[in-house]
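Some notes on the structure that comes next.
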Amino acid sequence: MKPRWLILPVLLGFFHCSRQEISPEPQAGSPAGTSAGQQPSAGTSAGTTAENSVGTAGNSAGTSSGAAGESGQGGTSAAGASPAGASGHSGESSGGNASGTAGAAGESPGGVGGSAGQASLDGVCPEASALPGPLMVRLQTPDGVPYCMDSTEVTQAQYAAFLASPDLPTPGSEHKACKWNGVYYPNVGEGGCANEAFYTPEKTPDTSVGCIDWCDAYAYCKWAGKRLCGRVGGGVVNVGEENDANKSQWYNGCSQGGKSKYPYGDTYQGKACHGKDAVEGSTEEEKLAAVSKAKEGCAGEELPYSKLLDLSGNHWELEDACEGDLPSDGCRIRGGSYGSGEEQLRCGNTEGFFSRTGDYTPQLGFRCCLDL
């Protein structure tokens, strides 16, 4: 059993439990006070071009901008001409920054083109096709840096697969600030997660997992071959970078590359996502049942962002954006939950922080990212 301690839900207005007492006021010099909880879906095939297609005429290899290879007629790949029927080389060979199976077929119109440097036409991340968890969407920042992001929050069934894995890591080994962590099982039966119905993967497999803490989320993503969404290119999102689409993987995905206030646009739509204006129910159990699947309309307007669901509402999402490397340091949570209103559902809302040391709630979940 993990040590726990109770704190007041200052910002969020829902059950909130933790493992060490934290002041409800923002820490001095901190971006926000401690506060508190979002879900998956995805595209289909890896980013290969259609049969008998070739790269975009003249230049469809994975360049630094990661432009997708569309079907075209007989172009020469930026990585060099390929013989008929051969796939092009990766974007690295052309000096670009679009890792993955990038490149385009060569000059022969009969060749089959390679995967595109950025996203495929359906937005799927081919580099993550064999990884566990939600299907991933291939994105790039406004500066052209590619990465992949889970299309939904990690579900209860996906988290149960992690717990049942023969390769389950030793709790506490996931991060130097998590040595206190003794178990990865969701904290049901305790505090605000006292009702064991909050984690029933056999009955609610598609519901986002909740009642987990930052270290649990970090461990899951690491086990899955991914990482808890954080700074573009790796590491922790620093204070002041949280709403920079070139620095925060989470914010870039939610705001459609820094272009919108909500995943679907600039104007708040109360029914678009699983927030308090859309979710009915008088108890926590009833509200959780109402968000048992990702909300299809809660997504971006165009590919690849239209494949990212529930970045606003459903469950708050933990981010690798912590104030330091101590167990008690606060880590940012994003996107609001099914108990949140208009302001907390904004992509740019940064008021929520949870301590690594065991802050958890039924409304807190996570998704993973993949550096390329």
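The values are calculated or read from the model by the stated rules, or taken from the named source; none is laboratory data. Just so it is clear, the model here is predicted, and its values are computed rather than measured. Glycine also receives a Cβ, built like all others from the backbone with ideal geometry; neighbour counts cover every protein chain displayed.
Can Asp150 be described as acidic (Asp, Glu) and within 22 Å of Gly313 (Cβ to Cβ)?
Considered against the rule, which asks whether it is acidic (Asp, Glu) and within 22 Å of Gly313 (Cβ to Cβ), Asp150 comes out as yes.
Return only the number of the condition from (1) at pLDDT below 95; (2) buried (at least 24 other Cβ atoms within 10 Å of the Cβ) that Ala219 does not satisfy.
Against the list (1) at pLDDT below 95; (2) buried (at least 24 other Cβ atoms within 10 Å of the Cβ), Ala219 comes up short only on (1).
Assess whether Leu131 counts as being farther than 23 Å from Trp316 by Cα and touching a Gly at 6+ places or on another chain (Cβ under 9 Å).
For Leu131, the condition - farther than 23 Å from Trp316 by Cα and touching a Gly at 6+ places or on another chain (Cβ under 9 Å) - is met.
Only residues that are part of a loop (DSSP other than H, G, I, E, B) and either surrounded by 23 or more Cβ atoms within 10 Å (Cβ to Cβ) or small (Gly, Ala, Ser) (or both): list them for the range 186-198, please.
Pro186, Asn187, Gly189, Ala194
Considering only residues that are in a loop (DSSP other than H, G, I, E, B) and at pLDDT 95 or above, look in the range 237-252 and name the one that is surrounded by the most Cβ atoms within 10 Å (Cβ to Cβ).
Across the range 237-252, the extreme among qualifying residues is Val237.
Being touching a helix residue (DSSP H, G or I) at 6+ places or on another chain (Cβ under 6 Å) and closer than 15 Å to Phe162 by Cβ is the filter here, so list the residues in the range 200-209 that pass it.
Pro201, Pro205, Val209
Based on what the data block shows, is Ser255 among the hydroxyl-bearing types (Ser, Thr, Tyr), modelled with pLDDT of 95 or more, buried (at least 16 other Cβ atoms within 10 Å of the Cβ) and under 21 Å from Tyr147 (Cα atoms)?
yes
Condition check: farther than 12 Å from Gly341 by Cα and either assigned to a loop (DSSP other than H, G, I, E, B) or acidic (Asp, Glu) (or both). Does Asp277 satisfy that?
So Asp277 fails the test.
Condition check ((1) over 14 Å from Ala217 (Cα atoms); (2) assigned to a strand (DSSP E or B); (3) over 18 Å from the mean Cα position of the chain (by Cα)) across all residues:
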position	(1), (2), (3)
Glu317	no, yes, no
Asp320	no, yes, no
Ser328	yes, no, yes
Arg332	no, yes, no
Ser337	yes, no, no
Gly341	yes, no, yes
Asn349	yes, no, no
Gly358	no, no, yes
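Out of all the residues in the range 222-236, which are part of a loop (DSSP other than H, G, I, E, B) and crowded, with 19+ Cβ neighbours inside 10 Å?
Ala224, Lys226, Cys229, Gly230, Val232
Can you run down the residue pairs with Cβ atoms below 6 Å, 6 or more apart or on separate chains, where the first is in the range 224-235 and on the phi > 0 side of the Ramachandran plot and the partner is part of a loop (DSSP other than H, G, I, E, B)?
Gly225/Leu131
Just name the residue that is surrounded by the fewest Cβ atoms within 10 Å (Cβ to Cβ) out of those in the range 258-286 that are polar (S, T, N, Q) and more than 30 Å from Ala194 (Cα to Cα).
Thr267
Check Ser306 against each of (1) outside any loop (DSSP other than H, G, I, E, B); (2) crowded, with 23+ Cβ neighbours inside 10 Å; (3) among the small types (Gly, Ala, Ser) and name the one condition it does not meet.
(2)
Looking at Pro134, Pro201, which one is in a loop (DSSP other than H, G, I, E, B) and either in contact with a strand residue (DSSP E or B) (Cβ under 6 Å, 6 or more places away or on another chain) or at pLDDT below 95 (or both)?
Checking each option against the conditions leaves just Pro134.
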